[in-house]
Amino acid sequence: MTGYPRVFSPVDIGGVALRNRVFVSAHTTNFGVDFLPTERHVAYHRERARGGAGLIITEPLRVHPTSLGRAGGLAADPAALPMLTKITEAVLGEGAAVFSQITHAGRHSENVFRRAAAWGPTSHRWAAGGHVPHAMSRREMVQVRDAYVRAAHLVAAAGFQGVEIHFGHGHLLHQFISPASNDRADAYGGSEENRLRYPLEVLDAVLDAVGHDLVVGVRMSADELVAGGQDLDAGRRIAHLLDTTRPIGFLNVSLASYTVPSIGHHVADMSEGHTPYLEQTLTVAKECTRTPVLAACRFADLADAERGLATGLLAAVAMTRAHIADPFLLAKAAAGEEHRIRPCVSCNFCIGEIAGHRPMTCMMNPRTGREAEWPEQPGTSPEPGRVLVVGGGPAGMETARLAAERGHSVQVWEIGPEPGGQLRIGRRGVGRGDLDRLRAHLQHRLAELAVPVRTSTPATVADVLAEGPDAVVLATGARHTAREVPGWGPALTAADVLRGRYGRTVVVLDDDGGWTAASVAETAARGGATVHLVTAAGTALPGVTEYSRMTAVERLRGLGVQLWTTADATFTRDTATITSALVDATTTVPDVTDVVALDPPAARDDLAAPLADAGLTVHVIGDAVAPRTLLEAMTEAHVLGRSL
Ligand SMILES: Cc1cc2nc3c(=O)[nH]c(=O)nc-3n(C[C@H](O)[C@H](O)[C@H](O)COP(=O)(O)O)c2cc1C
Ligand code: SF4
């Protein structure tokens, strides 16, 4: 018995029995090759099923060649049948239920890989700079409807138990529903009834074709979060209509649509807190008296899941990124080992990789997508030895963990008063507190493995040589220094601001472009300062992954932060002169109280050469090699830890 009785109670979804009420919602992995599934998918999903998920909804099969989009995505191609069948056998074999999503992405299909036009209800593009789509003719709509039916047959043939049709997230059918993306003049545009006509035709065709063999469900957005788009009231009406007129097996409620910044919210990052859209979801769920409602969006831990289920309005909740980070989260909780769950901190590197057309990975769990190559238990080293890790930041702790699991005698020396490295500063930022869950998890694991972590312990060459380890890992991070700004004087660092040291008018010289800049600006603005974020880059926050960048920029603008791109600032006493090449304008900011210089830090690798010269085996990882993001630091740390 766990503390989560609702999570661990079974539930029936359209006639399919789920062993518990946590599911993994559809998420594109980019593990495909030539738009076909691979063994990588099989291993990935098998592990999440083995880890205890009640239901896995696999990533969308793109129903039509005009919706292929991302290079690693999947097509509803008959050639996919053998591997899809392997996926269903793997998942069912581990006791989880398995459904597949099918979709057409419509106007935001990024068909650049095939030089094909995207199709949409009208020719409105999804974002500035996006491709102008081809407005679908009635004949093309029939083609795509029939493609949905063929895709559903493929899903049934592969042994899936259910199929999910996407009415949300701004995919094609949502584009028809939304008044913001559909201004057709025929029977498929105009009134809400007309705008729903095509999605319902597709749904009815799929229900007719496979409704006796498969659970047919719908994914929808409670609210599109777009001015003039499908709002929450419309979401309620759609849910009511589906519940009362269509024999669907479930309604999976999410939110947002493919426009900027809306779509960033469907994967709310840590800045938005836990379950930020639960209220909207419940509002829609109340419309369903017959249909089981599934919900997603940052049920970040089992307490969130239990709380959502306790409303009595939800049949199951998604913990999707939580499963990307730890496939075994439910098994661990069921075994009374909740403290061992590797938490998802909602940093969104995973979906950032998808946006970059790269295979998905996870900052917390670099094994993600490599399940077949890298077993969860890293195996034992043929030559166990003494490993000294210098630096108790996340990278140092991750390598130390794996090295200890491989049987080495490991110790960590940390210069600060507690482990965590940059996380100890980063977690101070407004909305960045969940970063500390990464520190806490790794620190706890090291304690379990009896790895001593000596804090307040600077390492010198002499100290390390005196220790005489078989291998030294330098995870010493990077040095952030304050500098003199011409015309102003000594600038503040990010750490100064995050410790609360700033005044009324803050100019941030952003040569970072990542989360540090976002966090400094947001923290100072929420603290009441007027903030100018000045970057030479053409985009604000270019180093923040795409989906989180959208919402970070939205928040900063909402807080009145002035975002200056392609810009530079000079200072005379307490006056800043900001020049932006983009707007060909110069602005004067009087009464500046603080200038923050976010210069790239310098890799702190001073020990590397002398220790190597002294004959030690030295490995350098993370920012000590070159300052980058947590994703690179954790990945390097993980790869090294497995190889020691
Ligand atoms: C890497 C990634 C890819 C995703 N791709 C899809 C997708 O193809 N279709 C979809 O409906 N949702 C997609 N989503 C959204 C998830 O299904 C889910 O709604 C979202 O992650 C919020 O749930 P969570 O907080 O439990 O992660 C994706 C999410 C992630 C993280
Ligand atoms: S990359 Fe970040 S958001 Fe994505 S699953 Fe991993 S920890 Fe969660």
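The values are calculated or read from the model by the stated rules, or taken from the named source; none is laboratory data. Predicted model only: the values in this text are computed from it and were never measured. Here the Cβ positions follow ideal geometry from the backbone for every residue, glycine too, while neighbour counts run over all protein chains shown. SASA here: full protein model, heavy atoms, side chains in, ligands and nucleic acids out. Shrake-Rupley method; radii C 1.70, N 1.55, O 1.52, S 1.80 Å.
Quick notes on this one:
- Accessible surface of segment 484-598, 1.4 Å probe, proportion on carbon and sulfur as whole %: 47
- Cα-based convex hull, segment 252-392, per residue volume (Å³, whole number): 171
- Cβ-defined net charge surrounding G211, 14 Å radius [Lys, Arg +1; Asp, Glu -1]: -3
- Over all other residues within a Cβ to Cβ distance under 14 Å of T476, the charged ones net out to -4, with Lys and Arg as +1 and Asp and Glu as -1.
- Over all pairs of different C-alpha atoms, the chain has a mean inverse distance whose reciprocal, the Kirkwood radius, equals 26.1 Å.
- Rounded to the nearest 10 degrees, the inclination of helix 435-448 to the longest alpha-carbon principal axis of the chain is 70 degrees.
- Rounded tilt (10° steps) of 192-210 against the dominant C-alpha axis of the chain: 80
- Here the chain is assigned +1 on the Cβ of each Lys and Arg and -1 on the Cβ of each Asp and Glu. Its dipole about the Cα centre then comes out at about 780 debye.
- Accessible area, probe 1.4 Å, largest first, for residues W413, W119: W119, W413
- The alpha carbons of segment 77-168 occupy a box of 45, 27, 24 Å along the principal axes, longest dimension given first.
- Judged by the gyration tensor of its Cα atoms, with axes a ≥ b ≥ c, segment 1-56 is prolate; a/c meets the 1.5 cut and a/b is the larger of a/b and b/c.
- Karplus-based coupling profile of segment 615-632, in residue order and whole Hz: x, 7, 7, 10, 10, 10, 9, x, 4, 5, 7, 6, x, 9, 9, 4, 4, 5, with θ = phi - 60° in 6.51 cos²θ - 1.76 cosθ + 1.60 and x standing for Gly or Pro.
- Förster radius 51 Å - calculated FRET efficiency between A440 and E383, Cβ distance, rounded to 0.05: 0.95
- Magnitude of the charge dipole, segment 11-355, Cβ model with Lys/Arg +1 and Asp/Glu -1, debye to 20: 440
- Label point 7 Å beyond Cα of S137 along Cβ direction - residues of segment 179-201 with amide nitrogen under 16 Å: 186
- Among F167, V202, L84 - extreme Cα towards positive end, dipole of segment 11-355, charges at beta-carbon: L84
- Helical mean residue ellipticity (222 nm; -39500 (n - 2.57) per DSSP H run of 4+; nearest 500) of the chain: -9500 deg cm²/dmol
- Placing unit charges on the Cβ atoms of the charged side chains and taking the dipole of segment 1-79 about its Cα centre, the candidate lying farthest along the positive direction among V22, H64, S9 is S9.
- Anisotropy class of segment 11-355 from Cα gyration tensor, a/c 1.5 cut: rounded
- Residues whose amide H lies under 5 Å from that of V485, counting only those 5 or more places away or on a different chain, are A491; hydrogens are built 1.01 Å from N in the peptide plane.
- Cα gyration tensor, segment 450-589 - rounded (a/c under 1.5), prolate or oblate: prolate
- You can think of it this way: the chain between D12 and E467 has 157.8 nm of extra reach, that is 0.36 nm per residue less the Cα-Cα gap.
- Nearest-ten-degree value, helix 232-245 long axis tilted from longest Cα axis of the chain: 40
- Segment 1-156, Rg to Rh (Cα coordinates; Rh as Kirkwood inverse mean 1/r): 1.04
- Candidates per trypsin sites (Lys or Arg not before Pro) in segment 558-632, loop by DSSP, up to 13 other Cβ within 10 Å: R573
- Taking all protein chains together, W126, W488 sort by accessible area into W488, W126, largest first [probe 1.4 Å].
- Computed packing ranks the peptides 142-153, 173-184 as 173-184, 142-153, most packed first, by mean other Cβ atoms within 10 Å.
- Rounded to the nearest whole Hz, the Karplus-based 3J(HN,Hα) values (6.51 cos²θ - 1.76 cosθ + 1.60, θ = phi - 60°) of segment 268-282 follow the sequence 3, 8, 4, 5, 8, x, 7, 5, x, 10, 4, 4, 4, 4, 5, with x at glycine and proline.
- Protein heavy-atom accessible surface, 1.4 Å probe, per residue over segment 11-355: 31 Å².
- Formal net charge of residues neighbouring A521 (Cβ-Cβ distance under 10 Å; K, R +1; D, E -1): 0
- For A96, residues with placed amide H under 5 Å, excluding near neighbours: none
- Relative contact order computed over the chain (Cα-Cα under 8 Å; 6+ residues apart), in percent: 11
- Rounded to whole Hz, the Karplus (6.51, -1.76, 1.60) HN-Hα couplings of segment 161-167, x for glycine and proline: 8, x, 9, 10, 9, 8, 9
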